[in-house]
1. When K55 is evaluated against the numbered criteria (1) more than 30 Å from R30 (Cα to Cα); (2) in contact (Cβ under 8 Å) with a residue 40 or more places away in the chain, which criterion, by number, is the only one it fails?
2. Can you name every residue in segment 72-112 that is of a type in the set (K, R), part of a loop (DSSP other than H, G, I, E, B) and more than 25 Å from T59 (Cβ to Cβ)?
3. For segment 85-95, how many residues meet the condition of being buried (at least 16 other Cβ atoms within 10 Å of the Cβ) and either outside the structural domain of R107 (by TED's automatic domain parsing) or free of Cβ contacts under 8 Å to residues at least 40 places away in the same chain (or both)?
4. So, Q54, is that one among the polar types (S, T, N, Q), surrounded by 12 or more Cβ atoms within 10 Å (Cβ to Cβ), under 26 Å from the mean Cα position of the chain (by Cα) and not assigned by TED's automatic domain parsing to the domain that holds Q120 or not?
5. Can you find, within segment 96-137, the residue that is surrounded by the most Cβ atoms within 10 Å (Cβ to Cβ) among those that are among the charged types (D, E, K, R) and at pLDDT below 80?
6. Mind checking which pairs have a first residue in segment 32-47 that is under 21 Å from S12 (Cα atoms) and a second that is modelled with pLDDT of 90 or more and of a type in the set (S, T, Y), Cβ under 7 Å, 6 or more apart or different chains?
7. Would it be correct to say that I27 is touching a Phe, Trp or Tyr at 6+ places or on another chain (Cβ under 6 Å) and surrounded by 11 or more Cβ atoms within 10 Å (Cβ to Cβ)?
8. Looking at (1) modelled with pLDDT under 90; (2) among the polar types (S, T, N, Q); (3) closer than 15 Å to V124 by Cα, can you tell me which one T4 breaks?
Amino acid sequence: MWATVSSQRFYSLSAQIQRERNSDHDILERTQKGTLDVTAWLSWFLEALLRAVQKAQHTFHAVLMKARFWQRRATTPMNERQVKLLNRLLDGFDGMLTSSKWAAIARCSADTALRDIHAQLKNVLTRAKATRPAVKPMLQAV
């Protein structure tokens, strides 16, 4: 079998350089005003390339994890609110998701949010362990 050659790349060096533009400008300025030795700039460039590839790997892993999550739950009955909130969790929701946050994000009543949560506790979610008795139960995707 012959491997096909693809010109597609799945990392963005330009986006990485944009994120690091301050250090890029600093190293370029030092290189141009110094001895014109490009070793430091080349080292910076290769490290930026490595970080771009690592970011692409992280993104790929997250997309793959989300796809596998939804594949495993293809037959699990869910309403639009539940799908929306689970996608929010899978996309990296900051903090833990409480029933009051669920109600606010899904724009539904607290009772509806609680019903959604109970339905998902049976299928998809797990209750996080509270560190103190006064802490409300939190939810996290598994």
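1. Evaluating K55 over (1) more than 30 Å from R30 (Cα to Cα); (2) in contact (Cβ under 8 Å) with a residue 40 or more places away in the chain leaves (1) as the failure.
2. R107
3. 3
4. Working: among the polar types (S, T, N, Q): yes; surrounded by 12 or more Cβ atoms within 10 Å (Cβ to Cβ): yes; under 26 Å from the mean Cα position of the chain (by Cα): yes; not assigned by TED's automatic domain parsing to the domain that holds Q120: yes.
When the stated conditions are applied, Q54 passes them.
5. Top of the filtered list is R127.
6. Filtered contacts from segment 32-47: no entries.
7. When the stated conditions are applied, I27 passes them.
8. So the condition that T4 fails would be (3).
The values are calculated or read from the model by the stated rules, or taken from the named source; none is laboratory data. Owing to the predicted nature of the structure, the values given are computational and were not obtained by experimental measurement. All Cβ positions, glycine included, derive from the backbone under ideal geometry; neighbour counts span all protein chains shown.
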